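The structure appears below as structure tokens.
The values are calculated or read from the model by the stated rules, or taken from the named source; none is laboratory data. This is a predicted model, so every value here is computed, not measured. Don't worry about glycine lacking a Cβ; one is built from the backbone with ideal geometry, like all the others, and counts go over all protein chains shown.
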């Protein structure tokens, strides 16, 4: 297999059936690009120094798949990448257009040479480092920065009777826009920002909407500034340091009480009901016998970290999560997780990506094992 077939530079050292790059970064979203920028600043060159592997066909990460009605000015947490401000001329344009264009410019400005589309199947510990197995060949590395995020692992909770439901069940990841729900009865499940945004979009065209959450939603009026962001990240970080599965950053930020949200509360659109007990063929039902008819159940129930390719490394501990100190996996300092736990949003992604790059650069200065 030639270097071109592997999607790699001819400068890369050949190793068996693969190629060597000191650092492999998996994922080219906010966290992955921040890490690549940090590696660049540390003096590593694309190719022999580091390679960024991305499963998408083009730049943008998960932003490529956001629903068409999500505008930049309504999107939760779009932050500038390090070194290049995010300054769109028209913030009313769809985020799925504007953010990928920004990421594309970022990759070109800093010459990050992202390899795509490349799907990573497994990462294994090898005699002289790590082997990253992909559908485009195998990379051999001394360190790995994993930035695969959560978008590819939508979480759909299981409830009795789900298989009997005669309507449609969708997840946020499948959301096509409000027009498809015209004249339908829609149950929206979830207490996060996405659930609120989608509910407010669907309500004007739907025959009826019902909002269901496990816990009462918490709304806040104070601005989400840097100090509050750091406090929120610290709460999530406590869990990953203890080796527990992380909570999402969004789950502890609460919901912003914007004028639009306040109007939806006053109109009754954001009237919340507790979680139902079961799903019926024609809707959902509670333990007290109350039932609501539905044509669609929209699960706005979040995502889980996409880490299946790391399974061969056996990083998970007894608590069910991966114990992480900063971004470094405690049981294997060659592995850094960004876009995981406290950095699973743009609040922490930039800082985490650059922190991982600094630690990895320091690791590379140590003598390689013989």
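Worth pointing out:
- Among the criteria (1) over 30 Å from residue 332 (Cα atoms); (2) out of contact with any helix residue (DSSP H, G or I) (no Cβ under 6 Å at 6 or more places or on another chain); (3) part of a helix (DSSP H, G or I); (4) in contact (Cβ under 8 Å) with a residue 40 or more places away in the chain, the one residue 63 does not fulfil is (2).
- Criterion (buried (at least 21 other Cβ atoms within 10 Å of the Cβ), farther than 28 Å from residue 173 by Cβ and modelled with pLDDT under 95) met by exactly one of 8, 2: 8
- All told, residue 183 falls short of being under 26 Å from residue 264 (Cα atoms), touching a residue at least 24 places away in the same chain (Cβ under 8 Å), out of contact with any strand residue (DSSP E or B) (no Cβ under 6 Å at 6 or more places or on another chain) and surrounded by 18 or more Cβ atoms within 10 Å (Cβ to Cβ).
- The number of residues in region 168-178 being surrounded by 15 or more Cβ atoms within 10 Å (Cβ to Cβ) and within 22 Å of the chain's Cα centre (by Cα) comes to 6.
Residue-by-condition table, conditions (1) farther than 29 Å from residue 350 by Cβ; (2) out of contact with any strand residue (DSSP E or B) (no Cβ under 7 Å at 6 or more places or on another chain):
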position: 103; (1), (2): no, yes
position: 109; (1), (2): no, no
position: 114; (1), (2): no, no
position: 124; (1), (2): yes, no
position: 127; (1), (2): yes, yes
position: 140; (1), (2): no, no
position: 148; (1), (2): no, no
position: 152; (1), (2): no, yes
position: 161; (1), (2): yes, no
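- Residue satisfying condition, being within 21 Å of the chain's Cα centre (by Cα) and more than 28 Å from residue 21 (Cα to Cα), within set 55, 64, 91, 71: 71
- Considering residues of region 186-219 that are out of contact with any helix residue (DSSP H, G or I) (no Cβ under 9 Å at 6 or more places or on another chain) and over 18 Å from residue 168 (Cβ atoms) only, the residue modelled with the lowest pLDDT: 218
Yes/no per residue for (1) farther than 24 Å from residue 330 by Cβ; (2) surrounded by fewer than 20 Cβ atoms within 10 Å (Cβ to Cβ); (3) at pLDDT below 95:
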residue	(1), (2), (3)
86	yes, yes, yes
92	yes, yes, yes
99	yes, no, no
108	yes, yes, no
135	yes, yes, no
145	no, no, no
166	yes, yes, no
